[in-house]
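The values are calculated or read from the model by the stated rules, or taken from the named source; none is laboratory data. Note that this is a predicted model, so its numbers are computed, not measured. Note: ideal-geometry Cβ built from the backbone for every residue, glycine included; neighbour counts use all protein chains shown. Keep in mind that these areas ignore ligands, DNA and RNA; they rest on the heavy atoms of the full protein, side chains included. Shrake-Rupley method; radii C 1.70, N 1.55, O 1.52, S 1.80 Å.
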Amino acid sequence: MGLIVQKYGGTSVGAPDRIKQVAARIARFQREGHQLVVVVSAMSGETNRLIALTRDITTTPTPRELDVVVSTGEQITIGLLCMALHAIGVKARSYTGAQVRILTDSAHTKARILSIDETPIRRDLDDGCVVVVAGFQGVDAAGNITTLGRGGSDTTGVALAAALQADECQIYTDVDGVYTTDPRIVPEARKLDRITFEEMLEMASLGSKVLQIRSVEFAGKYKVKLRVLSSFADTGEGTLITTEENTTMEQPVISGIAFNRDEAKLTVLGVPDTPGTAYRILGPIAEANIDVDMIIQNVGQDGTTDVSCTVARGDHDRAMAILGQVREAIGAREIRSDKSMAKVSVVGVGMRSHPGVASLMFRTLAEEGINIQMISTSEIKISVVIDEKYLELAVRVLHKAFGLDGSAA
């Protein structure tokens, strides 16, 4: 018996029948003596529908009002789930992010959690209630509704687990765990029994959609025991996300292949090769709240150099507009861009003690005629930017080259 935080994604609560199935699962856990805090997303497709409504009004909604609209999806789900629990005799009470007082900063559409007031939750738990909290949302110091970005319900669940010092945070989704890569691209992909926080953080940041990256950061920072499970299966242990020190067996060299189609490459040509130029290029992009991923600066020749970087494809137009102004200010010759880029990465803590990972990756891609345009490395991952048309081929051949097709994953 213990305190468990469960999070259910949009597909898990996508229809009334599924909400009733979630309620039945929650009831089973409560009968076993557990205290339960349940975090839910909006019903599948609801957030997209709400965003489309705003686009029917204006193509440039203010971020504050956009948060007001899209946050309503989770409010519907918490009410329906509590009704389903009441119908089967389970005491339950719903809370919006503001009612729980999930305090965030004021960065609308991508706010960060600052603190959580767990007092009302503990009071209801002590009273025998299941507490149902709207994910994805909070409130800033001025009382404005804020949202945490796509996938933010994961972060809500982990943050609540950290604040409540829960025994486990269970993320229920439409897959039964974390796989070596996307099974839709590589049918031979295998489910991992466990993965380290470091590896999961890299996988999430590199395009794996199982968990939002900030939820993994939270879990690692506060040592929250995190498990990914399927909401459509009553059995199975899912994938445990843990610390490397808790792993009893030696890690494989590579744990997974991550990828991201959402890449755009920007290149500023003929940049004066002087101190501070990189900041003058990338500083305005950062001030516009645009995340820059890979950065490459070539060796200077004739007093000039070229600077390339990648951004999310959705930020391409804004970034290009900013660079257009920067080009004139710094006297660069030209700006080029390509929105048909993709990133492929190999991830594994075993890379620390096994040389040759990079050479195997590069040789495998070369044998398939796949040109590498940019390279980025860390202690436990190697990422490359390639043409998007080669993405699925690259994932398949790398998955096989590193032995992830085997049943021992």
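Can you tell me the dipole magnitude for segment 308-407 around its Cα centre, using point charges on the Cβ only (Lys, Arg +1; Asp, Glu -1), in Debye to the nearest 20? Before the final figure, lay out each step's value.
Working: 13 positive and 12 negative charges, 27 e Å.
That gives segment 308-407 a dipole magnitude of about 120 debye.
Using only Cα atoms, find the angle between the long axis of helix 16-31 and the longest principal axis of the chain, and express it within 0 to 90 degrees, rounded to the nearest 10.
So the inclination is approximately 70 degrees.
Rounded to the nearest 10 degrees, what's the angle between the helix 72-87 long axis and the longest principal axis of the chain, both from Cα atoms, 0 to 90?
Helix 72-87 and the main axis of the chain meet at about 30 degrees.
Could you give the C-alpha radius of gyration of segment 115-261 expressed as a fraction of 2.2 N^0.38 Å, taking N as the number of residues it contains?
Compared with the compact-globule rule of thumb, segment 115-261 sits at 1.11.
Comparing Ile335, Ile113, Ile19, which has the greatest mean-square fluctuation in the GNM of the chain with Cα pairs linked when under 10 Å apart?
Evaluated over the chain, the most mobile residue of the options is Ile335.
Could you please report the charge total around Ser345, scoring K, R as +1 and D, E as -1 over all other residues with beta-carbon less than 12 angstrom from its beta-carbon?
Values: positive: Lys343, Lys381; negative: Glu199, Glu202, Glu263, Asp293.
Local net charge: -2.
If you average the sequence gap of Cα pairs under 8 Å that are 6 or more apart and divide by the length of the chain, what percent do you get for the contact order?
On the way: 870 pairs, mean separation 56.1, N = 409.
Here the relative contact order equals 14 percent.
Relative to the longest principal axis of the C-alpha atoms of the chain, give the angle of the C-alpha long axis of helix 46-57, reported between 0 and 90° and rounded to the nearest 10°.
Taking the Cα atoms of the chain, the angle to 46-57 is about 60 degrees.
Over the Cα atoms of segment 287-409, what radius of gyration and what Dmax do you get, in Å?
17.3, 56
Considering the options Ser153, Val130, Gly236, tell which one lies farthest towards the positive end of the dipole of the chain, charges being +1 on Lys and Arg and -1 on Asp and Glu at the Cβ, about the Cα centre.
Val130
Please work out the Cα center distance from segment 1-28 to segment 151-167, rounded to the nearest Å.
16 Å
Can you give the calculated 222 nm mean residue ellipticity of the chain, where each DSSP H run of n ≥ 4 adds -39,500 (n - 2.57) and the sum is split over every residue, rounded to the nearest 500 deg cm²/dmol?
That comes out to -10500 deg cm²/dmol.
I'd like the accessible area for Glu188: 1.4 Å probe, protein heavy atoms, all chains in place, Å² to the nearest 10.
In the full protein context, Glu188 sits at about 90 Å².
How big is the antiparallel share of DSSP beta bridges in the chain, given as a percent to the nearest 5?
60 percent
Could you size up the charge dipole of the chain around its Cα centre, putting +1 on the beta carbon of Lys and Arg and -1 on that of Asp and Glu, and report it in debye to the nearest 20?
For the chain, the charge dipole is close to 660 debye.
Can you bin every Cα-Cα distance in the chain into 20 Å intervals starting at zero and give me the percent of pairs per bin, rounded to whole numbers?
Calculated P(r), rounded to whole percents: 25, 53, 21, 1.
Modelled label-to-label distance, Thr377 and Leu53, 7 Å Cα→beta-carbon offset: nm?
Here the modelled spin labels are 5.1 nm apart.
Would you work out the charge dipole size for segment 108-153 about its Cα centre, treating the Cβ of every Lys and Arg as +1 and the Cβ of every Asp and Glu as -1, and quote it to the nearest 20 debye?
The calculation lands at about 340 debye.
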